[in-house]
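The values are calculated or read from the model by the stated rules, or taken from the named source; none is laboratory data. Please read these numbers as outputs of a predicted model, since none were measured by experiment. Please note: Cβ atoms are built from the backbone with ideal geometry, for glycine as well, and neighbour counts cover all protein chains shown. Note: accessible area is taken over every heavy atom of the protein model, side chains too, but ligands, DNA and RNA are not part of it. Shrake-Rupley method; radii C 1.70, N 1.55, O 1.52, S 1.80 Å.
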Amino acid sequence: MNNVRTVSDTKRTFYSLHTRPINTIYRRVVEELMVEMHLLSVNSSFTYNPIYALGVVTSFDRFMQGYQPERDQESIFNAICQAVEQEPQRYREDAQRLQALAQDLPAQDLIAWLSQTTHLDRDPDLQAQLQAIANNSQFKYSRLFAVGLFTLLEQSAPELVKDEKQRTAALTTIAAGLHLSDEKLTKDLELYSSNLEKMAQALVVMADMVSADRKKREQRQQQTTTPVAPPSVTE
């Protein structure tokens, strides 16, 4: 008997946990992230790791930026994690830990550590995870893992990731050390960046539409509330 959860099961669980409507422009983002996490969670080759968690948290926070009402963001994130039978607090804590670690490391030290050319005595759990990834020929790579790696670089050296040559060199070094495809890594991150730009553009368009609609309502309201002068009476 096959007891593997289906995408429909995961979506049904999500909408039972977060019952408020999701703004249309964000619904696709939420469902795509949830489906991606679901497909990984039911894959026998997949194992959770903090870099993946950082990718999940970063993707959610970046794509959901500006979501209203803001208080719903936490409920949506928690429901996504719980729908794929994961603990949202674990994702948040691992993401915060790795971000703080990256911010405290020079870029070259971080790159050397991620590529496993140097072992740093900073975070035993991450060190063990990196070694396991590098030594596992069956490691289940994912786009979210790529986003996690990129976020670490971004936190350590924001200027480096803005420079295409330096960014490409860093990603190539890391991919080689972890035995990942640098071509796949680069393509996934280019798509991630492109989707962020598209989302930002869509939000600008939506804001313009909302503003235009508000102005029309205000104009109509003024027209209905402005008193009409009585006709003059000719003596």
- Message: Condition first: touching a His at 6+ places or on another chain (Cβ under 7 Å), open to solvent by less than 10 Å² (accessible area, probe 1.4 Å) and assigned to a helix (DSSP H, G or I). Can you find one or more residues in the stretch 31-40 that meet it?
- Response: no
- Query: When the residues of the stretch 74-90 are filtered to those that are polar (S, T, N, Q) and not in a loop (DSSP other than H, G, I, E, B), which remaining residue is most open to solvent (accessible area, probe 1.4 Å)?
  - Reply: GLN89
- Note on the structure: Contact list, first residue from the stretch 2-25 and within 16 Å of LEU40 (Cα to Cα), second anywhere and open to solvent by 80 Å² or more (accessible area, probe 1.4 Å), beta-carbon distance below 9 Å, six or more apart or interchain, is ARG5/GLU85; VAL7/LEU39; THR10/GLU85
- Message: Just to be sure before I move on: is GLU93 surrounded by fewer than 18 Cβ atoms within 10 Å (Cβ to Cβ) and either closer than 30 Å to ALA202 by Cβ or modelled with pLDDT under 95 (or both) in the structure I sent?
- Response: no
- Query: Take the residues of the stretch 165-199 that are of a type in the set (D, E, K, R) and surrounded by 14 or more Cβ atoms within 10 Å (Cβ to Cβ): which is farthest from ALA107 (Cα to Cα)?
  - Reply: ASP188
- Task: Might you check whether a residue that is in contact with a Lys or Arg (Cβ under 6 Å, 6 or more places away or on another chain), surrounded by 15 or more Cβ atoms within 10 Å (Cβ to Cβ) and in a helix (DSSP H, G or I) occurs anywhere in the stretch 108-126?
- Result: no
